[in-house]
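The structure under discussion appears below in the form of structure tokens.
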Amino acid sequence: MSQVLTYDTVVGRELGLQDRMTALRNLRPGTRLSWPEGDLSREVLRELLSLSESVDVLRWLEAERGAAVALLAIEQSLDMAGMMYGAQNRIVSGMLTSEQERQVHQSLQDKYGAMYGPLLRSDEDWGAPKQRGDIVDGPSEHRHLVDALTRLRRKISLPAETSPSRSQVDPGPDTLLADLLRLPDSTDPARWLQDHRLSLSSRLVLEHLLQGAFPMGDLVLSATNGSSLRSIRPKVHTRSKGLLHVKVQQIDILELGFAVRVRVRFRLPKGWSSAKQPGIVRQWEGFRSVRDNAGHHYVVQVASGGVSNQIWWWHGDQTLVCWPALEDARELTLEAQPAYLSLYRPPGEGGTLIPIPGPSLGRISCTAVIGE
């Protein structure tokens with residue numbers, strides 16, 4: 001990708017995390033957050049919410065809370081290990097034909113076999129923490145986490161590697177677990193994460209904390225199922241300066257929030273043609289900032305969407321789910337200042353798309369009148 005490094009680029013996914021923090025700090029008074037389990041997770045989230053909006057939350061986590069991030073990253077990895085442990089033995093045979101069962105087994109092996117080896121086939125208890133999230137109440141749990149990870153490593157006996165690099169090549173939660181499972185017993189995994197994977201750990205921990213702060217899963221389900229209370233076709237005034245054009249078609253009012261359905265069209269900047277970047281997934285992540293006429297903000301997440309290449313332009317439909325509910329808002333301002341195209345590289349062994357820096361598409365904002 002050296003041919004495009006002179007362009008204005010950023011990892012759009014990280015901008016989205018920053019803007020979610022801004023939204024959480026500016027919610028309508030009385031809006032109730034869902035706090036994560038574990039004293040340490042709650043403590044870190046409270047600290048993040050107290051920061052100035054000018055602070056880069058990911059860099060702050062790295063600089064100020066590296067030790068806490070490492071512990072929480074190990075906890076998340078242990079949670080994932082618990083889900084993957086013996087996964088091939090837990091497939092419900094009675095609900096599948098023999099051919100379907102074979103395909104599920106093969107798919108699981110193809111996706112994770114090289115990373116996790118015996119982890120998928122193990123059927124004995126390895127002494128995993130029973131209460132997800134409850135074990136990390138503070139730094140005193142360091143030994144507890146390390147011991148749990150050591151027990152698992154010894155149980156599945158993967159070859160030790162002094163410098164595992166899967167999560168460096170394909171930075172994601174699945175590859176991070178694969179690396180932790182291969183560290184020698186003499187290596188402190190928390191220290192290794194701080195020294196070698198702090199940036200990745202900070203992103204994964206922040207994503208996890210934010211996912212638990214609002215009921216976005218239920219909202220996305222409501223939006224995709226079409227279970228809206230009513231729909232509005234608002235009067236919209238759009239201001240666009242750049243390669244991105246967006247038309248707000250409809251706003252669906254949901255029980256806990258609302259869904260904004262938009263039609264997206266963008267053109268790739270020079271140097272970003274599909275021929276020069278084979279296999280790259282391209283996506284605009286939607287309006288990152290949504291606020292109403294009273295100045296209250298809403299958390300935004302892309303629920304569905306896709307784009308297709310039509311000669312010079314890419315276009316498609318997208319659903320943006322927003323939380324909390326609108327209540328008495330009469331006007332919405334939606335912005336991406338500036339808008340960035342998110343690029344994702346297909347992973348090597350796992351199933352997580354890898355975010356990479358994408359180009360600026362300019363600035364876009366619109367005002368939607370939704371009531372009098």
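Which of (1) of a type in the set (D, E, K, R); (2) outside any loop (DSSP other than H, G, I, E, B); (3) out of contact with any strand residue (DSSP E or B) (no Cβ under 6 Å at 6 or more places or on another chain) is the odd one out, the single condition GLU37 does not satisfy?
(2)
Taking segment 219-241 only, how many residues are surrounded by fewer than 17 Cβ atoms within 10 Å (Cβ to Cβ), farther than 25 Å from ALA339 by Cα and not aliphatic (A, V, I, L, M)?
5
Within segment 328-372, can you find the residues that are assigned to a strand (DSSP E or B), more than 30 Å from LEU256 (Cα to Cα) and open to solvent by 50 Å² or more (accessible area, probe 1.4 Å)?
The first filter runs over segment 328-372 and keeps only residues assigned to a strand (DSSP E or B), leaving 331-345, 354-356, 358-369.
Narrowing the set further to residues that are more than 30 Å from LEU256 (Cα to Cα) leaves 343-345, 354, 356, 358-362.
Result: ARG345, single match.
Let me confirm something: among ASP317, ASP292, which residue is acidic (Asp, Glu) and farther than 26 Å from TRP272 by Cα? Outline the logic, then answer.
Values: ASP317 fails: farther than 26 Å from TRP272 by Cα.
Only one candidate passes the filter, namely ASP292.
Would it be correct to say that LEU209 is farther than 26 Å from GLY16 by Cα, open to solvent by less than 10 Å² (accessible area, probe 1.4 Å) and in contact (Cβ under 8 Å) with a residue 60 or more places away in the chain? Let's see the steps before the verdict.
Values: farther than 26 Å from GLY16 by Cα: no; open to solvent by less than 10 Å² (accessible area, probe 1.4 Å): yes; in contact (Cβ under 8 Å) with a residue 60 or more places away in the chain: yes.
Criteria not met by LEU209.
Take the residues of segment 251-286 that are outside any strand (DSSP E or B) and free of Cβ contacts under 8 Å to residues at least 60 places away in the same chain: which is most open to solvent (accessible area, probe 1.4 Å)?
Narrowing segment 251-286 to residues outside any strand (DSSP E or B): 254-257, 268-280, 285-286.
Checking which are free of Cβ contacts under 8 Å to residues at least 60 places away in the same chain leaves us with 270, 273-275, 278, 286.
Details: LYS270: 169, SER273: 48, SER274: 58, ALA275: 89, PRO278: 105, GLY286: 2 Å².
Looking at the filtered set, the residue picked out is LYS270.
Go through segment 44-58 and report how many residues are touching a residue at least 40 places away in the same chain (Cβ under 8 Å) and either exposed (fewer than 14 other Cβ atoms within 10 Å of the Cβ) or in contact with a Lys or Arg (Cβ under 7 Å, 6 or more places away or on another chain) (or both). Talk me through it step by step, then tell me what you get.
Residues of segment 44-58 that are touching a residue at least 40 places away in the same chain (Cβ under 8 Å), as a first pass: 44-45, 48, 57-58.
Now narrow it down to the ones that are either exposed (fewer than 14 other Cβ atoms within 10 Å of the Cβ) or in contact with a Lys or Arg (Cβ under 7 Å, 6 or more places away or on another chain) (or both): 44, 58.
Residues flagged as touching a residue at least 40 places away in the same chain (Cβ under 8 Å) and either exposed (fewer than 14 other Cβ atoms within 10 Å of the Cβ) or in contact with a Lys or Arg (Cβ under 7 Å, 6 or more places away or on another chain) (or both) within segment 44-58 amount to 2.
Determine if segment 76-90 includes at least one residue that is surrounded by fewer than 16 Cβ atoms within 10 Å (Cβ to Cβ), of a type in the set (D, E, K, R) and assigned to a helix (DSSP H, G or I).
Taking every residue of segment 76-90 in turn, none turns out to be surrounded by fewer than 16 Cβ atoms within 10 Å (Cβ to Cβ), of a type in the set (D, E, K, R) and assigned to a helix (DSSP H, G or I).
Of all residues in segment 7-21, how many are of a type outside the set (A, V, I, L, M, F, W, C) and either open to solvent by less than 20 Å² (accessible area, probe 1.4 Å) or free of Cβ contacts under 8 Å to residues at least 24 places away in the same chain (or both)?
If we filter segment 7-21 for residues that are of a type outside the set (A, V, I, L, M, F, W, C), which is where we start, we get 7-9, 12-14, 16, 18-20.
Next, only the ones that are either open to solvent by less than 20 Å² (accessible area, probe 1.4 Å) or free of Cβ contacts under 8 Å to residues at least 24 places away in the same chain (or both) stay: 12.
Summing the residues that are of a type outside the set (A, V, I, L, M, F, W, C) and either open to solvent by less than 20 Å² (accessible area, probe 1.4 Å) or free of Cβ contacts under 8 Å to residues at least 24 places away in the same chain (or both) in segment 7-21 gives 1.
Among the numbered criteria (1) among the hydrophobic types (A, V, I, L, M, F, W, C); (2) open to solvent by 30 Å² or more (accessible area, probe 1.4 Å); (3) touching a Cys at 6+ places or on another chain (Cβ under 9 Å), which single criterion is violated by VAL248?
Of (1) among the hydrophobic types (A, V, I, L, M, F, W, C); (2) open to solvent by 30 Å² or more (accessible area, probe 1.4 Å); (3) touching a Cys at 6+ places or on another chain (Cβ under 9 Å), only one is false for VAL248: (2).
Give me the residue from segment 32-43 that is touching a Phe, Trp or Tyr at 6+ places or on another chain (Cβ under 9 Å) and open to solvent by 10 Å² or more (accessible area, probe 1.4 Å) and, out of that set, farthest from GLN211 (Cα to Cα).
Taking segment 32-43 and keeping what is touching a Phe, Trp or Tyr at 6+ places or on another chain (Cβ under 9 Å), we get 33-34, 41-42.
Filter once more, keeping what is open to solvent by 10 Å² or more (accessible area, probe 1.4 Å): 33-34, 42.
Details: LEU33: 11, SER34: 9, ARG42: 13 Å.
Looking at the filtered set, the residue picked out is ARG42.
Can you tell me which residue within segment 92-126, out of those that are open to solvent by less than 30 Å² (accessible area, probe 1.4 Å) and modelled with pLDDT under 85, is nearest to VAL169 (Cα to Cα)?
The extreme case among them is SER122.
The values are calculated or read from the model by the stated rules, or taken from the named source; none is laboratory data. Here the structure is a predicted model, which is why all the values come from computation and not from measurement. When we count neighbours, we look across all protein chains shown, and the Cβ atoms used for this are built from the backbone with ideal geometry, even at glycine. Note: areas computed on protein heavy atoms with side chains; ligands, DNA, RNA excluded. Shrake-Rupley method; radii C 1.70, N 1.55, O 1.52, S 1.80 Å.
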